[in-house]
Amino acid sequence: MPPQRTLLGSISGNRQKGQEISPYIRGQVARKSSKGRSTRGIAKDLNLHYSTIQYTLYQDKLRDDGHSLPRKLKGKSYTDTDERVLLRHVRLNPKDTYNQVIVACGLSCKPTTVKKILKRHSICNWRAKKRPELIEAYAIARLAWCLVREGWTAEEWELVCWSNECSVERGQGKRGEWCFRISA
C-alpha cells in the first residue's frame, strides 16, 4: 500500500538525484541541528544523505528564510570573435566535422557548444546528397569528349540535347558525408 499523503507534505516521497530539498525540509534540518542532533542522525531521520545535511547546515547561515541562493552564471567559453571565425569557417568549409571546425578555428569549447552557436544562426548539419563517383576511366572519356568539341560554334551546340545533368565529385568513399547549410 502506498504511503499516506500528509497535509503540506510533498506528494511523493521520492526525490530525484540532484534535486533540491524544499525550504520546509531545510527548516527541519536547522531545527534538529539546533536541538543538538548529529548530522548522521538528521540524515537517518529525514532519509537524506549526510553530505546533503552538512551542506544544508553550512549554507543555512547564508540563506534567507531557507530559500535557495541565486546561482552564479557560467561564463561563455568563447568570444564574439571566436563566433565570427567559426561562422566564416563553416560557410567556407561546409563538409568539416565539428571536431575539425574546433581545431581549425582554435576554439576551446565542446562540439555541443559549436552546435548551439550554429543553431542560433540557423546553420544545421545535413546529410550531403549522394553523387556518383567519378572513376579515372570516366574522367578520361569526358575529357576526350570535350576536346573533340572544343572548337564548336553556337549553332552546333544548339543541336545537342542535354538530359539528366548532375554534379559529380571525385574521390567519394562509401561513408555518408555531412555538410553544414542554412536551414529554412
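The values are calculated or read from the model by the stated rules, or taken from the named source; none is laboratory data. For clarity, every value in this text was computed on a predicted model and none was experimentally measured. Here Cβ is always computed from backbone atoms with ideal geometry, including for glycine, and neighbour counts include all displayed protein chains. Keep in mind that these areas ignore ligands, DNA and RNA; they rest on the heavy atoms of the full protein, side chains included. Shrake-Rupley method; radii C 1.70, N 1.55, O 1.52, S 1.80 Å.
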Report task. Working only within the range 130-150, note down all residues that are among the acidic types (Asp, Glu) and over 27 Å from Lys95 (Cα atoms). Result -> Glu150
**Report entry** Hits in the range 92-110 - residues which are within 19 Å of Trp178 (Cα to Cα), free of Cβ contacts under 8 Å to residues at least 40 places away in the same chain and open to solvent by 50 Å² or more (accessible area, probe 1.4 Å)
**Finding:** Leu92, Asn93, Asn99, Gln100, Val103, Ala104, Lys110
**Report entry** Lys76 being at pLDDT below 90, surrounded by 10 or more Cβ atoms within 10 Å (Cβ to Cβ), part of a loop (DSSP other than H, G, I, E, B) and within 27 Å of the chain's Cα centre (by Cα)
**Finding:** yes
Query raised in the report: Before we move on, is Val85 in a helix (DSSP H, G or I), among the hydrophobic types (A, V, I, L, M, F, W, C) and either open to solvent by 50 Å² or more (accessible area, probe 1.4 Å) or in contact with a His (Cβ under 6 Å, 6 or more places away or on another chain) (or both)?
Result: yes
